[in-house]
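Shown next, in structure tokens, is the structure this report addresses.
Bear in mind these aren't lab numbers, they're just calculated from the coordinates by the rules spelled out. The structure presented is a predicted model; accordingly, all values stated were derived computationally and were not measured. Cβ placement follows ideal geometry from the backbone for every residue including glycine, while neighbour counts extend to all protein chains displayed.
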Amino acid sequence: MKTQAMITMLSSIPTPLLEWYRKNARTLPWRSNPQPYYVWISEIMLQQTRVEAVKPYFERFIQSLPDVQALAAVDEEVLLKLWEGLGYYSRARNLKKAAQVLLQEYGGVLPKEYEALVTLQGIGPYTAGAIASIAYGQAVPAIDGNVLRVVTRLLACDEDITKTPFRQEVFHSLQAILPDSPGDFNQSLMELGATVCLPNGMPLCGECPVAQYCQAYLHKNPLDYPTKPKKKARRIEKRTVFLCLYQGKIALCRRPEKGVLAGMWGYPDREETLSVEGMEELFETYGISGIKKSPGAKHIFSHVEWHMTGYLFHVTTPPKAWRWVDREELTQAAIPSAWRTYHEIALDLLRM
Ligand code: SF4
């Protein structure tokens, strides 16, 4: 679809959409005071995470790290603990790296310009557009999955939304129709996508302020849009998790610096399903005893699923490569939710 045709078709939506947004926008903690730091933190948290799940994390994060200076100086363990349960921990690490650059190069303030924002660690085109428009009123679109869904339905456009040239066309088209309040307009599109033009199940077209301009609604086929390539099936990884105890402490182990949960602390494990005999053989030299099987658990990441078996056991010689923590240290460690089942067992065990 040509950009000019898109612009013409979308040109009627800003007025009714803004009117609807101003009456119907959800009250969210980062909306009441859209200062750049708050918009940045909330947008990073909202990547891959639902609004309701983000709210308490956002409040806690802002209370602990109220500004760029505090974020740049935070200890990594504290940062990851604040992020614990949100997943995609590289987001938190990137926040800190970007905060350090902001301190060194921008006087501790997020820049206004989209082009500068997009160079910061962890800030892509969408987040840069959101910060520039919402916090600074800059005339730049912010295009996320919600916006692409709404736009492709409005246009009945079946182009692949994962392709960069199409995203650029959408960017230029939306830029051409941005009203005086670009931040509100961008949020109105996102809000429509999140609450009316829904991602799963039938959109609520009867409540949509722009239904009369929507080609998919007029053709009664909104679920045909957006078009994206089929996802590859997730890889299944079988793992055995070790709840290994030694003198009232339990073993933790750091994940490799690359790959799933890079650099995070978790329970030691092995990429295979081990039997009790396999465990005895593996830990023979460490004086293994009292082996008990723990419940199985499953964790789904975007590209891989962990299917886990767990064993609880004691050793008389602690493996040196692991970190040994008591209950208090374990409570303070940021343990990703992939290990939730085993983490709860470990906390109970150390209470005894
Ligand atoms: Fe989405 Fe329906 Fe509105 Fe079209 S009319 S934008 S399909 S909610």
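Give the order of ILE335, ILE41, ILE134 when sorted by the count of other beta carbons within 10 angstrom, beginning with the fewest. Before the final figure, lay out each step's value.
On the way: ILE335 23, ILE41 19, ILE134 26.
In order of increasing Cβ crowding within 10 Å: ILE41, ILE335, ILE134.
Local charge sum around SER188 (other residues, Cβ-Cβ under 10 Å, Lys/Arg +1, Asp/Glu -1)? Please list the in-between numbers first.
Details: positive: ARG22; negative: GLU19, ASP184, GLU191.
Residues close to SER188 contribute a combined charge of -2.
Let's see if you can work this out: charge +1 on each Lys and Arg Cβ, -1 on each Asp and Glu Cβ, no other charges. What is the dipole magnitude of the stretch 1-149 about its Cα centre, in debye to the nearest 20?
Details: 15 positive and 13 negative charges, 100 e Å.
For the stretch 1-149, the charge dipole is close to 480 debye.
If you take the charge dipole of the stretch 1-94 about its Cα centre, with +1 on Lys and Arg Cβ and -1 on Asp and Glu Cβ, which of MET45, PRO16, ALA73 is farthest toward its positive end?
Working it through, the farthest residue towards the positive pole turns out to be PRO16.
Need one number: % antiparallel among DSSP beta bridges in the chain, to the nearest 5.
Numbers: 17 of 29 bridges.
Once the DSSP bridges in the chain are tallied, antiparallel ones form about 60 percent.
Can you tally the net charge around LEU80? Count Lys and Arg as +1, Asp and Glu as -1, for every other residue whose Cβ sits under 15 Å from the Cβ of LEU80.
Values: positive: ARG60, LYS81, ARG91, ARG93, LYS96, LYS97, ARG254, ARG255, ARG323; negative: ASP75, GLU76, GLU77, GLU84, GLU257, GLU329.
Result for the neighbourhood of LEU80: +3.
Under a cut-off of 17 Å between alpha-carbon atoms, report the lysines in cross-link reach of LYS320, not counting same-chain residues fewer than 8 places apart.
LYS249
Given 0.36 nm per residue, what is the gain on full extension from LYS320 to ILE7 after removing their alpha carbon distance, in nm?
Details: separation 313, 0.36 × 313 = 112.68 nm, distance 6.35 nm.
Here the answer is 106.3 nm.
Of all DSSP beta bridges in the stretch 205-351, what percent run antiparallel (nearest 5)? Numbers along the way, then the final one.
On the way: 17 of 28 bridges.
Roughly 60 percent of the DSSP beta bridges within the stretch 205-351 come out antiparallel.
With just the Cα atoms defining each centre, how far is the stretch 325-344 from the stretch 142-218? Give it in Å.
Between the Cα centres of the stretch 325-344 and the stretch 142-218 lies a distance of 41 Å.
What are the semi-axes of the equivalent ellipsoid of the stretch 139-289, taken as the square roots of 5 times the eigenvalues of the Cα gyration tensor, listed largest first and rounded to whole Å?
51, 18, 15
Place a point 7 Å from Cα of THR285 in the direction of its Cβ. Which residues in the stretch 256-278 have their backbone N less than 18 Å from it?
Counting backbone N atoms under 18 Å from the label point, the list is 269-270, 278.
Quick check on packing: order 254-265, 210-221 by the mean number of other C-beta atoms within 10 Å, highest mean leading. Don't skip to the end; give the middle numbers.
Values: 254-265: 14.3, 210-221: 16.3.
Going from most to least packed, we get 210-221, 254-265.
Could you give the semi-axes, largest first, of the ellipsoid that matches the stretch 1-144, computed as the square roots of 5 times the alpha carbon gyration tensor eigenvalues and rounded to whole Å?
29, 18, 14
If each residue's Cβ is checked for other Cβ atoms within 10 Å, how do LEU86, LEU154, LEU204 rank with the fewest at the top?
Numbers: LEU86 21, LEU154 26, LEU204 13.
Exposure proxy ranking, most exposed first: LEU204, LEU86, LEU154.
So what's the chain giving for Rg/Rh, alpha carbon basis, Kirkwood Rh from the mean inverse pair distance? If you can, show how the numbers build up before the last one.
Values: Rg = 24.2 Å, Rh = 22.9 Å.
A ratio of 1.06.
What does the net charge come to around GLU281 if you take all other residues with beta carbon closer than 15 Å to its beta carbon, with K and R at +1 and D and E at -1?
Values: positive: ARG270; negative: GLU272, GLU277, GLU280, GLU284.
That sum, taken over residues with Cβ under 15 Å, equals -3.
Charges at C-beta only: +1 for Lys and Arg, -1 for Asp and Glu. How large is the resulting dipole of the stretch 260-331 about its Cα centre, in Debye rounded to 20?
On the way: 7 positive and 11 negative charges, 38 e Å.
My answer is approximately 180 debye.
Suppose the chain between ARG91 and GLU237 were pulled fully straight at 0.36 nm per residue; how much longer would it get relative to their current alpha carbon spacing? Walk me through the intermediate numbers first.
Numbers: separation 146, 0.36 × 146 = 52.56 nm, distance 2.38 nm.
Full extension of this stretch gives 50.2 nm more.
Once both labels are modelled 7 Å past Cα along the beta-carbon direction, what's the SER32-ASP160 spacing in nm?
For SER32 paired with ASP160, the spin-label model returns 4.5 nm.
Return a whole-number percent for the relative contact order of the stretch 152-297, with Cα pairs under 8 Å and 6 or more residues apart as the contact set.
Numbers: 124 pairs, mean separation 31.1, N = 146.
Dividing the mean separation by the residue count of the stretch 152-297 yields 21 percent.
So what is the 222 nm mean residue ellipticity for the chain from helices alone, if each DSSP H run of at least 4 adds -39500 (n - 2.57) and you divide by all residues, rounding to the nearest 500 deg cm²/dmol? Let's see the in-between values first.
Numbers: 16 runs with 153 residues, N = 352.
It lands at -12500 deg cm²/dmol.
For each of LYS231, LYS96, count neighbouring Cβ atoms within 10 Å of the residue's Cβ, then give the residues from fewest to most.
LYS231, LYS96
Can you find, among VAL151, ALA297, ALA176, the residue sitting farthest towards the positive end of the charge dipole of the chain, where Lys and Arg contribute +1 and Asp and Glu -1 at Cβ?
It is ALA297.
Suppose every Lys and Arg Cβ carries +1 and every Asp and Glu Cβ carries -1, with no other charges. What dipole size does the stretch 125-277 come out with about its Cα centre, to the nearest 20 debye? All intermediate terms of the calculation are to be shown ahead of the outcome.
Values: 18 positive and 16 negative charges, 145 e Å.
Computed about the Cα centre, the dipole is about 700 debye.
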